[in-house]
Amino acid sequence: MMFMDSLSKELQDFLIRLGKDEKGVGDKLAGYTRQLINMLYSTDAQIIEEYYGLFGNEPHRLEDLAHKYKTTQELMQQGIEACLRKIAVSPEWQQIRPLTKLRAIKIR
């Protein structure tokens, strides 16, 4: 289990939700999130997408990612946490963060 601050945890919760139901989050918010993740180094962005199952990727276990990238699970976990923190404190995330709490309202 990862230990992280509340901003990173909030981002992680959103990424889990996005990975499970991208359409439920909405195309615009998913696009903003893709831009945020692309601020990371390309390998880090790929790991985040694979770990959370984003943008058509299946979610991968920490163990599998560590093996794929030839590192330990502990270092992989620390890397994911560092990436989350980097995004969570960015001005870009702070701008779209309120949108992650909105629920779509269907008008009949």
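Residues of the stretch 1-56 that are more than 15 Å from Lys86 (Cα to Cα) and of a type in the set (Val, Ile, Thr): Ile16, Val25. Restricted to the stretch 26-78, and to residues there that are of a type in the set (Asp, Glu) and modelled with pLDDT under 95, the residue that is farthest from Phe14 (Cα to Cα) is Glu58.
Among the residues of the stretch 26-47, those identified as assigned to a helix (DSSP H, G or I), open to solvent by less than 70 Å² (accessible area, probe 1.4 Å) and in contact (Cβ under 8 Å) with a residue 40 or more places away in the chain are Leu29, Thr33, Leu36, Ile37.
Here is the figure for the stretch 46-60: residues that are acidic (Asp, Glu) and under 10 Å from the mean Cα position of the chain (by Cα) total 2. Is it the case that some residue within the stretch 73-93 is surrounded by 15 or more Cβ atoms within 10 Å (Cβ to Cβ), of a type in the set (Lys, Arg) and either within 22 Å of Asp5 (Cα to Cα) or in contact with a helix residue (DSSP H, G or I) (Cβ under 9 Å, 6 or more places away or on another chain) (or both)? Taking every residue of the stretch 73-93 in turn, at least one turns out to be surrounded by 15 or more Cβ atoms within 10 Å (Cβ to Cβ), of a type in the set (Lys, Arg) and either within 22 Å of Asp5 (Cα to Cα) or in contact with a helix residue (DSSP H, G or I) (Cβ under 9 Å, 6 or more places away or on another chain) (or both).
Looking only at the stretch 48-101, filter to residues that are among the aromatic types (Phe, Trp, Tyr) and outside any loop (DSSP other than H, G, I, E, B); which one of those is nearest to Gly19 (Cα to Cα)? Going through the qualifying residues, I end up with Tyr52. Under the condition of being outside any helix (DSSP H, G or I), more than 22 Å from Lys70 (Cα to Cα) and not charged (D, E, K, R), the residues counted in the stretch 1-25 number 2.
The values are calculated or read from the model by the stated rules, or taken from the named source; none is laboratory data. Nothing here was measured: the structure is a model prediction, and the numbers come from that model. Cβ atoms come from the backbone with ideal geometry, glycine included; neighbour counts cover every protein chain shown. Each accessible area value is taken on the protein alone, full model and side chains, heavy atoms only, with ligands, DNA and RNA left out. Shrake-Rupley method; radii C 1.70, N 1.55, O 1.52, S 1.80 Å.
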